[in-house]
Every structure is written in structure tokens, then in C-alpha cells.
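Peer 1: Pasting in a structure now, in C-alpha cells, and then I'll have a few things to ask.
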Amino acid sequence: MMTLSGYSTPERGSEATVRRQVKKQEHHYLKECFRPGAVAGDSRFIPRSSAVSARTAGSRRPRRLLPYAASILLFLLVFSSFWGFSGASSSGIAPAAEGELTVTVTSGDTLWSIAGNSGLSHDIRRSVFIIKQRNGLKDSDLQAGQTLIIPKQS
């Protein structure tokens, strides 16, 4: 039997039931297709076929790339920490040139005493600075047996 709305009632039940089912389907469709606050004809309307794919594709791509990005970041962090130690070797210091004096540090020697005996400058502070710069020293601590290069006087 056909009703006024065009639906056949014997297999679906009463007309009221059919209306409820249709309304429920429309509600789900609109819920999937419209973003919050969208008005009919608005640019925020998404057709049903792309509503699901747009939602899932946008959220899964960053999740797939996250492990790769984390591993690259970790590699760069480890690589940069090793890179910092490579410049600390003594191979960066040029060997003593002609006219430069080589001094081996003995027990009890200080950089200030070596600078005072070197005669590089009238100011011992300047001599200490020149010796530290020439030998790549960061501080004034010396070890017995360490070799220092005293630059020639200018």
C-alpha cells in the first residue's frame, strides 16, 4: 500500500515510523556534512563523500610522520653533540714555526711564571693572553709534561 508521501508501509511500518527514520537519516547526514555554525550554501559545507575522508586524511598524516620527525630530530641532536667535541683535539694547533720556542711544563710551573720568563711583553697579562691564544688554552691550568709553544717576540 502506498501512502501520500510515496513510501510503502507494509514492510516499514506506520507512516510516523517512516518519518522518524527519514528524519534520523537526515540528521546524521547533516551532522556529517556541516561544520559547526555552517549555513546552507556556506563554504563550510562538505559533501557527504568527502566529509569522512577529509576528516580522517587530515588527522592521520601527521600521526604517520611523527615517528620519522622524532627520529630525525634525535639524530641531529646526537650528531651535533659529537660535532662539538671534534674541535677540542690538539690537532687544530699549528706546530711550532721557525723562531717560536717550545717549552715543556714541569711540576710547579704556572702559566704566569712561564709568561714572565718568556719576555713576550712588558705586561705579563698580555703575555699570558698571547700564550693561551697560541696554544688554544681555555684557562690557565697546566699539566706536568704538557708542551707549550711560545710565539716569537714582535
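Peer 1: Provide the gained length on full extension for the span residue 103 to residue 138, in nm with one decimal, where the gain is 0.36 nm per separating residue minus the Cα-Cα distance.
Peer 2: 10.8 nm
Peer 1: Right, next: Residue separation times 0.36 nm, minus the C-alpha to C-alpha distance between residue 17 and residue 75: what's the value?
Peer 2: 14.6 nm
Just so you know, all these numbers are worked out from the coordinates, no wet-lab data involved. Here the structure is a predicted model, which is why all the values come from computation and not from measurement.
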